[in-house]
Amino acid sequence: MTADATQPQTGRSLLPGFWDVGASIHAEVDGLTDQQLDWTSDRWEWAQWSIRRQASHMASMLYRWMLLRWGEQLFPDGSGLDETQVTALAASQTDRALDENLFRDIADITRALDNALVLAQGALESHTVDQMRSLTIEAEQGPHWDLMINAHPTGIDRNTETGISILTLEGTFRHMYFELITHLFNVQRLKRAQGLEASVDLPRVGYWTLDGWDVSEA
C-alpha cells in the first residue's frame, strides 16, 4: 500500500534528526571508563562539565522542556510519570541534570535519555506541521540566547529587552535538537582532550556552528 498523499505531514518531517541522534550519543559514550567519563579541566570552560554530566544534561534538558514547559499541551491526560519521577528527571536539585543520586551510572543516564527521545519522537509524530508551527509557549531566556537565536530561522520570537520569548512547538524541538548536537560536540572535544577519537561525524547544524561560538580545542 502507498501512503495517503492527503494525510498531513507530521513533526517528524521537520526534525528527522531525533531518530538518529540517540545512536550517535551511544556511539560516543559506550566503552568509556569512569575516569574518561568524569574527566574535567579548568583550562577551558567547555571542559568543566564531564562527559557524564554532558549526557545527564542532555537527558534532563529534554524532560524539562517537554514535561515542565510543554507538559499541559503535550500531555493533557498526563505523561504517565509521578511527581517523584518528574523531579528526578526534570527538576532535580543538581545543575540542569538528572538527579545524580538516582542516575549516576552511564547506563542509567543513557536509558533515561533513550526514554526521553522516545517521548520526543511520539510528540513529533502525533502533531502535524501546522500544529508544530501554531502551538506556542512563553519562556524566559538568558543573555546567551542573543547568540543562539541566530540558529533559528523561525519558531522563536525573542524580546531582547525582557528576555521573554514566544516559542512554537517547532522552535522548541529544533532548540532541543540543536542542544543535543552541540553537547555531542562537547563530548567529542572532551574525548579528544583525553587522546580519544570521536566516533561519529556530526551534522553541521546547531549552536556549535554559529560564528562567535567557542569551538576551541585542547
Seminar exercise, completed: Selection from the range 76-121 of residues closer than 15 Å to residue 55 by Cβ and polar (S, T, N, Q) yields 92, 94, 110, 115
Seminar exercise, completed: Log entry, pairs with first residue in the range 14-27 being closer than 15 Å to residue 56 by Cα, second being at pLDDT 95 or above and of a type in the set (Lys, Arg), beta carbons closer than 7 Å, six or more apart or on different chains, reads none
For this session: Report whether or not residue 107 is aliphatic (A, V, I, L, M) and surrounded by 12 or more Cβ atoms within 10 Å (Cβ to Cβ).
Result: no
For this session: Answer yes if at least one residue in the range 173-189 is over 14 Å from the mean Cα position of the chain (by Cα) and surrounded by 15 or more Cβ atoms within 10 Å (Cβ to Cβ), and no otherwise.
Result: yes
Exercise. Do the conditions hold for residue 81, that is, is it modelled with pLDDT of 95 or more, closer than 30 Å to residue 13 by Cβ and surrounded by 13 or more Cβ atoms within 10 Å (Cβ to Cβ)?
Worked result: no
For this session: Go through the residues of the range 15-27 one by one and say whether even a single one is aromatic (Phe, Trp, Tyr) and farther than 27 Å from residue 133 by Cα.
Result: no
For this session: Name, by its number, the condition in (1) of a type in the set (Gly, Ala, Ser); (2) closer than 22 Å to residue 104 by Cβ; (3) modelled with pLDDT under 95 that does not hold for residue 3.
Result: (2)
Exercise. If you take the residues of the range 102-141 that are assigned to a loop (DSSP other than H, G, I, E, B) and under 26 Å from residue 35 (Cα atoms), which of them is nearest to the chain's Cα centre (by Cα)?
Worked result: 103
Exercise. So which helices (runs of 4 or more DSSP H) are wholly in the range 41-101 and hold at least 2 residues that are basic (Lys, Arg) and at negative phi?
Worked result: 51-63
Problem set entry | Residue that is in contact with a strand residue (DSSP E or B) (Cβ under 8 Å, 6 or more places away or on another chain) and either surrounded by 15 or more Cβ atoms within 10 Å (Cβ to Cβ) or in contact (Cβ under 8 Å) with a residue 24 or more places away in the chain (or both), where the choices are 69, 53 | 69
Exercise. Pairs under 6 Å by beta carbon, first residue under 12 Å from residue 32 (Cα atoms) in the range 184-195, partner among the charged types (D, E, K, R) and surrounded by 17 or more Cβ atoms within 10 Å (Cβ to Cβ), six or more apart or different chains?
Worked result: 187/28
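The values are calculated or read from the model by the stated rules, or taken from the named source; none is laboratory data. Being a predicted model, the structure only gives us computed values, none of them experimental. Methodologically, a virtual Cβ is constructed for each residue, glycine included, from the backbone with ideal geometry; neighbour enumeration extends over all protein chains shown.
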